[in-house]
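Asks: Supplied in structure tokens, the structure appears directly below.
The values are calculated or read from the model by the stated rules, or taken from the named source; none is laboratory data. No experiment lies behind these values; they were computed from the predicted model shown. No Cβ is skipped: glycine too gets one built from the backbone with ideal geometry, and neighbour counts run over all protein chains shown. Remember, those area values only see protein heavy atoms, side chains included, never the ligands or the DNA or RNA. Shrake-Rupley method; radii C 1.70, N 1.55, O 1.52, S 1.80 Å.
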Amino acid sequence: MKKAAMLILNQKYRISEASYMVGYNDAQYFTRCFKQEFGLSPSELKKMSHKKGIEEAINYLQNL
């Protein structure tokens with residue numbers, strides 16, 4: 001799941017693309033699993049990286 005988070009943070013891939021790349025065929029299911037593991041949705045992580053910077057978002061993920 002952290003690989004998907006990094007793909008999303010790189011901003012080269014949409015959330016649906018990143019979910020497929022790590023083995024999820026259903027983006028909605030991926031979002032539920034992602035939120036359960038990280039405490040926020042993939043889009044919330046993306047917004048955090050835009051607002052606070054990628055470094056801050058990576059630090060958030062590493063401190064879980």
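Asks: Could you list, in sequence order, all residues of region 12-22 that are assigned to a helix (DSSP H, G or I) and loosely packed, with under 15 Cβ neighbours inside 10 Å?
Replies: GLU17, MET21
Asks: Here is a further query. Return the residue satisfying two criteria in turn: it lies in region 23-39 and is exposed (fewer than 15 other Cβ atoms within 10 Å of the Cβ) and part of a loop (DSSP other than H, G, I, E, B), and of such residues it is nearest to the chain's Cα centre (by Cα).
Replies: That would be GLY39.
Asks: Output the residues belonging to region 40-64 that are part of a helix (DSSP H, G or I) and of a type in the set (Ser, Thr, Tyr).
Replies: SER43, SER49, TYR60
Asks: Let me ask another. Taking region 1-34 on its own, how many of its residues are under 14 Å from ILE58 (Cβ atoms) and out of contact with any helix residue (DSSP H, G or I) (no Cβ under 7 Å at 6 or more places or on another chain)?
Replies: Looking only at that region, the number is 4.
Asks: Acidic (Asp, Glu), open to solvent by 50 Å² or more (accessible area, probe 1.4 Å) and under 9 Å from the mean Cα position of the chain (by Cα): is that true of GLU56 in this structure?
Replies: Spelling it out, it is not the case that GLU56 is acidic (Asp, Glu), open to solvent by 50 Å² or more (accessible area, probe 1.4 Å) and under 9 Å from the mean Cα position of the chain (by Cα).
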